[in-house]
Amino acid sequence: MIILRQHTARYIITGLICLALSACAQPAVVSTIDPGGNLIVLSPDDTFARSLEEGKWVLQGSPAPASLTITQYNTVPALKIDTAKGGFSMVRHVQANLMTTPYLDWAWIMENHTGPYHGVSFMVGFRAPDGSAHAGPASLAPSVRGSPVANRIISLRWSKSALKRGYMEPYPGSTENAIIYSVRGGSENTGLWWRETIDLSDLYARSWPGEDLTKTSISFIAVVVTNPKISSLAYLSYLRLFR
């Protein structure tokens, strides 16, 4: 595996941000699951730069050149995200049956932050079975030509309080088809690597009970960056879908 030095990676990602933003007008590149039921969604090495160049990752918003850096944190390869550089989203469009790849796995480090949640979060988009209630396209879903339609959203957050871990609540302004799930949180847990494995099928079944999971698909996975009043760094490593 090739690990890019921090200053080299900053140059490469800066050069590709303009290409990735211009690709937003192009049809989405939709990734599929390999025969083993796996998809490496994000790898913090040279493959991330290639994914930006190829349009597998789509940038939306106006990220500053220094927003994204490939680096290492405590010897672990990581994508460093700086919320001080403005809000934006990174979207990876996928086409996967929920029950074929129900697990999402990653590692992250969060710094202390203000507000109820950290400024960096994950958003997973789903396509509900035909005929489901509230099946119109979710207003939160990124809009890229040629991308799979999403009408269910689960937002995976780092909460301000560690006591909120595992808590689910409706997404404000989109209460019928979007849920916030607090994966972890608390200032006592910042600055450390945490490995997470989330059963998306379980979260979906709890959020929209009675829907046929075998006819539900995953449409996208996004990294969402908001611009809080006080900036805070996040480090992400090896995001993947698997069964």
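What follows draws every value from the coordinates through simple rules; no lab data is involved. All values derive from a computational prediction rather than experimental measurement. Neighbour counts are summed over all protein chains in view; Cβ atoms, including those assigned to glycine, are modelled from backbone coordinates with ideal geometry.
Can you tell me which of Leu39, Leu104, Leu192 moves the most in a GNM of the chain? Springs connect C-alpha atoms under 10 Å apart.
Between Leu39, Leu104, Leu192, it is Leu192 that shows the largest mean-square fluctuation.
Identify which of Ser51, Ser132, Ser159 has the largest mean-square fluctuation in a Gaussian network model of the chain, with springs joining Cα atoms closer than 10 Å.
In this elastic network of the chain, the residue with the biggest mean-square fluctuation among Ser51, Ser132, Ser159 is Ser132.
Alpha carbon centre of segment 204-219 versus segment 33-68: separation in Å?
That distance is 26 Å.
Rounded to the nearest 500 deg cm²/dmol, what is the calculated helix-only ellipticity per residue at 222 nm for the chain, with -39500 (n - 2.57) per DSSP H run of length n ≥ 4?
-4500 deg cm²/dmol
Using a basic spin-label model with each label point 7 Å from the Cα along Cα→Cβ, how many nm lie between Arg243 and Asp212?
Inter-label distance under the simple model: 1.8 nm.
Quick one, what does Rg over Rh come out to for segment 104-243 if you take C-alpha atoms and the Kirkwood Rh? Kindly include the intermediate steps, with their values, before the conclusion.
On the way: Rg = 15.1 Å, Rh = 15.7 Å.
When Rh is taken as the Kirkwood radius, the ratio is 0.96.
Mean 1/r over all different Cα pairs, inverted: what Kirkwood radius does segment 6-242 give, in Å?
Over segment 6-242, the inverse of the mean reciprocal pair distance is 17.9 Å.
How many lysine pairs in segment 6-242, separated by 8 or more positions in sequence or lying on different chains, have Cα atoms less than 27 Å apart?
Total qualifying Lys-Lys pairs in segment 6-242 comes to 10.
As an exercise, find the ratio Rg/Rh for segment 71-158 from alpha-carbon atoms, using the Kirkwood inverse-distance average for Rh. Mind dumping the intermediate values first?
Numbers: Rg = 15.7 Å, Rh = 15.6 Å.
That ratio is 1.00, to two decimals.
I'd like to verify something in the chain: which complete DSSP H helices, judged by Cα projection on the helix axis, reach 24 Å or more and average at least 0.5 on the Kyte-Doolittle scale?
6-22
Give me the extension gain from Glu111 to Tyr73: residue separation times 0.36 nm, minus the current Cα-Cα distance, reported in nm with one decimal.
12.4 nm
Report the gain in length on full extension from Met99 to Glu169: 0.36 nm times residue separation, minus Cα-Cα distance, nm rounded to one decimal.
That works out to 22.9 nm of additional length.
Under a Cβ-only charge scheme (Lys and Arg +1, Asp and Glu -1), can you give me the dipole magnitude of the chain about the Cα centre, in debye to the nearest 20?
Values: 21 positive and 17 negative charges, 76 e Å.
In total the dipole reaches around 360 debye.
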